[in-house]
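What follows draws every value from the coordinates through simple rules; no lab data is involved. Model, not experiment: these values are computed from the prediction. When we count neighbours, we look across all protein chains shown, and the Cβ atoms used for this are built from the backbone with ideal geometry, even at glycine.
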Ligand code: BG6
């Protein structure tokens with residue numbers, strides 16, 4: 001039998017991913033307004049983060065300093081360059097540009113900060129991939145306008161996009177309108193998505209759920225995204241504007257047809273509802289049925305259908321961390337995961353934060369998505385949140401992280417061999433940063449270690465983990481050299 005050659009395409013975009021509120025810090029510098037993320041306290045794996053209406057003296061707000069990228073971006077980007085990044089996924093803090101969200105003029109100092117960041121990326125031949133809104137909105141919009149439940153946010157968002165598109169039209173080609181827009185299909189995510197007034201969510205994910213508001217807010221985000229895509233293409237026809245979905249891979253727990261059907265329904269409602277709207281430009285039939293059966297009345301304006309059709313994205317991106325199972329039997333054991341709980345899979349191991357590790361699920365998901373849409377895909381988040389130990393000589397031997405990423409890269413290679421048009425890979429938290437879910441620093445994803453602990457102590461110094469040297473080799477070999485055995489030699 002002939003062996004089939006499996007490899008990554010020549011111009012594959014290797015890189016890493018971050019979000020402004022999890023790494024920048026400088027939360028009130030140079031005219032920046034408060035963002036929803038600035039009102040979130042630190043939590044732990046077992047203690048939820050809290051949303052406060054005012055800043056509490058003595059409480060720890062991890063976004064305020066984060067890893068101080070606001071002042072150290074040049075050093076960090078040089079390290080990304082050293083690894084050979086072709087692309088860097090970052091987000092822009094909306095409240096750095098429009099401090100209150102409804103301002104008529106942008107904050108010039110905020111724009112200048114990103115001018116400097118893009119110039120630095122260019123110096124290292126790194127292409128920016130910009131998320132316009134990654135789990136934050138100006139806090140004033142949440143407080144005064146009730147967040148995305150209010151349709152006025154569409155105009156504020158589009159004004160913000162117009163400002164970014166015009167300012168950076170010759171610097172940025174790749175844009176994502178909203179991070180994990182499908183978080184609004186889950187009870188957990190309303191505050192993270194800037195979708196509800198803060199007083200309704202004292203503990204992150206624990207507030208009363210209002211499905212009607214969630215889906216109404218989601219509709220407004222769809223409209224905002226579609227308008228931004230259309231406007232972006234008018235401003236620069238070369239822009240590539242994508243959607244970003246938290247792809248939650250769900251298997252049926254058994255071959256019972258009830259479980260199989262349930263898994264498909266979860267895939268539809270959790271993953272495909274949003275991407276159908278953003279890629280195909282219309283709500284799918286199963287969404288209409290769901291809204292009707294749940295008694296949800298999504299208020300739409302005349303012309304909305306046309307707006308959605310006109311604002312179809314150019315490419316599909318997603319995060320992929322883990323998989324879970326679903327069952328029609330309510331007695332089965334639950335396990336965590338990003339954004340939502342699922343059932344434990346007896347064939348898989350889980351991370352310390354109980355996210356099940358499933359590289360094959362990535363291959364399965366890539367095929368599942370590509371079979372549906374047939375457009376280019378980028379995996380813009382993937383990785384292992386783990387506790388790292390710094391040895392006496394300062395080295396960090398994160399073989400577990402290398403192992404996780406290696407298996408997922410192999411799975412992507414398989415998916416490409418299956419015919420999937422996979423064009424890029426940006427593992428999450430390429431430099432250690434604040435965890436979105438728990439607010440911790442000790443849940444680390446990075447190739448680059450940042451000396452800071454959960455309580456905010458540390459020098460903030462950066463250092464290279466073993467995975468740094470390994471990933472550099474992966475990129476240099478375009479995904480051919482995945483063997484970690486040579487890490488010691490690579491360091492020399
Ligand atoms: C994704 C988010 O869901 O998961 C990121 O887009 C987040 O912002 C990442 O950081 C990992 O989750 P966590 O909770 O470990 O930070």
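Each label was represented as a point 7 Å from its Cα along the Cα-to-Cβ direction; for residue 71 and residue 418 these points are 4.7 nm apart. Extents of region 105-246, taken as max minus min of Cα coordinates on every principal axis and listed largest first, are 47, 29, 27 Å. Treating r as the C-beta distance of residue 4 and residue 490 and R0 as 41 Å, the FRET efficiency rounds to 0.90.
Taking R0 as 45 Å, what FRET efficiency do you get between residue 166 and residue 305 from their Cβ-Cβ distance, rounded to the nearest 0.05?
On the way: r = 28 Å, r/R0 = 0.62.
Between residue 166 and residue 305 the formula returns 0.95.
Inter-part distance, region 241-266 to region 370-449, computed on C-alpha centroids, equals 22 Å.
Between residue 352 and residue 399, the contour length at 0.36 nm per residue exceeds the Cα-Cα span by 15.4 nm. In this label model, residue 371 and residue 407 are separated by 2.3 nm, measuring between points 7 Å along each Cα→Cβ vector. Decide, for region 1-149, between rounded, prolate and oblate: order the square roots of the alpha carbon gyration tensor eigenvalues as a ≥ b ≥ c, take rounded if a/c falls under 1.5, and otherwise choose prolate if a/b is larger than b/c, else oblate. It is prolate, given that a/c is not under 1.5 and a/b is the larger ratio. Can you give the % of DSSP beta bridges in the chain that are antiparallel, to the nearest 5? Here the share of antiparallel DSSP bridges comes out near 25 percent.
With a cut-off of 18 Å on the backbone N, the residues of region 43-59 near the modelled label site 7 Å out from residue 209 along Cα-Cβ are 48-49. Extension gain, residue 144-residue 268: 0.36 nm per intervening residue step, less the Cα-Cα distance, totals 41.3 nm. Sorted ascending by nearby beta carbons within 10 Å, beginning with the fewest, 70, 135 become 70, 135. The modelled label-to-label distance between residue 235 and residue 46, using points 7 Å beyond Cα along the C-beta direction, is 4.8 nm. Annotation: the residues 443, 349, 7, 86, sorted from fewest to most other C-beta atoms within 10 Å of their own C-beta, follow the order 349, 7, 86, 443. Each helix, a run of at least 4 DSSP H residues, gives -39500 (n - 2.57); summed and divided by the residues of the chain, these come to -10500 deg cm²/dmol at 222 nm.
For 139, 4, 191, which order do you get if you count the other beta carbons within 10 Å of each Cβ and list the fewest first? Each step should come with its number before you reach the end.
On the way: 139 24, 4 6, 191 27.
Listing 139, 4, 191 from fewest to most nearby Cβ atoms yields 4, 139, 191.
For residue 260 and residue 152, the FRET efficiency from 1/(1 + (r/R0)^6), where r spans their Cβ atoms and R0 equals 41 Å, is about 0.45.
Once a ≥ b ≥ c are taken as the square roots of the eigenvalues of the Cα gyration tensor of region 13-491, is the result rounded (a/c under 1.5), prolate (a/b larger than b/c) or oblate (a/b not larger than b/c)? Mind dumping the intermediate values first?
Numbers: a/c = 1.30, a/b = 1.08, b/c = 1.20.
Rounded shape, in that the Cα axes give a/c under 1.5.
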